[in-house]
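What follows is a single structure, written as structure tokens, with notes after it.
Quick note: the coordinates plus some simple rules give every number you see, no bench work behind them. Bear in mind the structure is a predicted one, so any value in this text is a computation, not a measurement. Positions of Cβ are generated from backbone atoms using ideal geometry, with glycine treated the same way; all protein chains shown enter the neighbour counts.
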Amino acid sequence: MDFVSIARDPGKPYETVNLPVWRASSVLFSNVADMRAEVAATAAGQMRAANYATAGTPTTFALAEAVAQLEAGPHAARAALMPSGLSAIAATLFAFLSPGDHLLMSDSVYGPARLFVQGMLTRFGVQTTFYDPCVGAGIEELLQPNTRMIYMESPGSYTFEIQDVPAICAVAQRHGILTAIDNAWASPVLSRPFDWGVDISVIPLTKYWSGHADVLMGAAVVREALWPQLHQSVRQQGLCVGGDDAWLILRGMRTLEVRMHAHESHGLALAHWLQTRPEVSHVLHPALPSHPQHELWKRDFRGASGLFAFELRSATAEQVSALCDRRQHFKLGFSWGGFESLMMPGNLTGLRTAEPWSGGPLIRIHAGLDNPAELIADLEAGFAAMAAAAS
Ligand SMILES: *Cc1c(COP(=O)(O)O)cnc(C)c1O
């Protein structure tokens, strides 16, 4: 199944191209026996069981099943939908970690995920070590007797290190440790984390799956055997999504594959141009041969998305502001993955503890579907504004 044909059958008697939106709280039954059967099926986490709409509706079931199949490919997996990408990360960590457990988390992880771990998880008695994202098989030396999970993100947020995910998963499997990855950057168009051996993939559907910057949602996809534990946690916390939002993700994802190819080529056009600029010391884009883990990226990924960063040789805070404020086509804002092009200054303060960031000021770019020539003109004007701000 592909992004276009999956999750489209509305059932009899009516046939349309798209599924309808179910908006629901109560689910109704014709008799008590049916009600009891549905309660038991829902508690057991069976496919499409819902005695109450917090467990799902046909719209959310269709999306959850599509996400699981597209993300995991031939591997048997189930997905739970959450109100945001961050809530999918938090619910996953809550589902599989208990007081006394040890978590290994990549130092390059999405900032709010780090804050959740340092705050809530620490309060609930989980101990965390942040590791160098480039550790590869050397992760084995960081294992403790109580290590329960290794959490990855590849490429890393802001700094775009590519992790040797298969090597890390091989170590984890030898020791019976769970592996989880944030697959925001690549989406299943470009990477298949379950082929690499991961057990859990968390996806901010907000980003590329939605593609239109108009809805927030996340998913946790787990191997079938882990479903009961994830399902219990999600159910006990009452985490669920509305039908309208699920429908927007279903609509957005139809074009995911073609959009990704446009994001890749636009991003590379900008990255190549930035490499020629004297103000730029490094372009942090894994598809460039100059990227330190370019070979790993070539081995494991089927392409690049539109998100990358560049590092300035030197710039004052005022110059960074001048560069980012002189925009016509780029917008300034958090998040990414929509059709719009975004730029923003990166701030790694407090977000790197294993290897403190020693580079220059970082600017993160999301190459959207705008004409790349116009985006380059924007950056060119930005560099001129940056130079003017120096005097
Ligand atoms: C944006 C993002 C998230 C969180 O997604 P939201 O839906 O915005 O909460 C998680 N991980 C990464 C890598 C992200 O960039």
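Here are some notes:
- When the test is whether a residue is closer than 27 Å to His261 by Cβ, touching a residue at least 40 places away in the same chain (Cβ under 8 Å), within 16 Å of the ligand (Cβ to nearest atom) and surrounded by 16 or more Cβ atoms within 10 Å (Cβ to Cβ), Phe330 does not pass it.
- You will find that of Ser233, Ser201, Ser210, Ser187, the residue that is of a type in the set (S, T, N, Q), within 16 Å of the ligand (Cβ to nearest atom), within 29 Å of Leu143 (Cβ to Cβ) and touching a helix residue (DSSP H, G or I) at 6+ places or on another chain (Cβ under 8 Å) is Ser201 and no other.
- Residue tally, condition more than 16 Å from the ligand (Cβ to nearest atom) and touching a Gly at 6+ places or on another chain (Cβ under 9 Å), over the range 149-170: 6
- Of residues in the range 231-286 being within 20 Å of Phe330 (Cβ to Cβ) and among the β-branched types (Val, Ile, Thr), the one farthest from the chain's Cα centre (by Cα): Thr276
- Test: Val117 is among the hydrophobic types (A, V, I, L, M, F, W, C), under 15 Å from the mean Cα position of the chain (by Cα) and within 16 Å of the ligand (Cβ to nearest atom): no
- Scan of the range 5-28 for residues that are over 30 Å from Leu256 (Cβ atoms), touching a residue at least 12 places away in the same chain (Cβ under 8 Å) and part of a loop (DSSP other than H, G, I, E, B), ordered by number: Ser25, Val27
- Residue among Ser187, Ser154, Ser201 that is buried (at least 19 other Cβ atoms within 10 Å of the Cβ) and over 22 Å from His102 (Cβ atoms): Ser187
- Lone unmet requirement of (1) surrounded by fewer than 14 Cβ atoms within 10 Å (Cβ to Cβ); (2) more than 25 Å from Leu190 (Cβ to Cβ); (3) touching a strand residue (DSSP E or B) at 6+ places or on another chain (Cβ under 8 Å) for Ala76: (2)
- Taken together, the residues in the range 56-82 that are under 13 Å from Trp227 (Cβ atoms) and among the aliphatic types (A, V, I, L, M) amount to 7.
- Test: residue in the range 73-94 that is free of Cβ contacts under 8 Å to residues at least 24 places away in the same chain and in a loop (DSSP other than H, G, I, E, B): yes
- Ala246 vs. criteria within 16 Å of the ligand (Cβ to nearest atom), among the hydrophobic types (A, V, I, L, M, F, W, C) and surrounded by fewer than 21 Cβ atoms within 10 Å (Cβ to Cβ): no
- Pairing residues of the range 149-160 that are at positive phi with residues that are among the aromatic types (Phe, Trp, Tyr) and crowded, with 24+ Cβ neighbours inside 10 Å, at Cβ distances under 7 Å and at least 6 apart in sequence or on separate chains, gives Phe160/Phe308.
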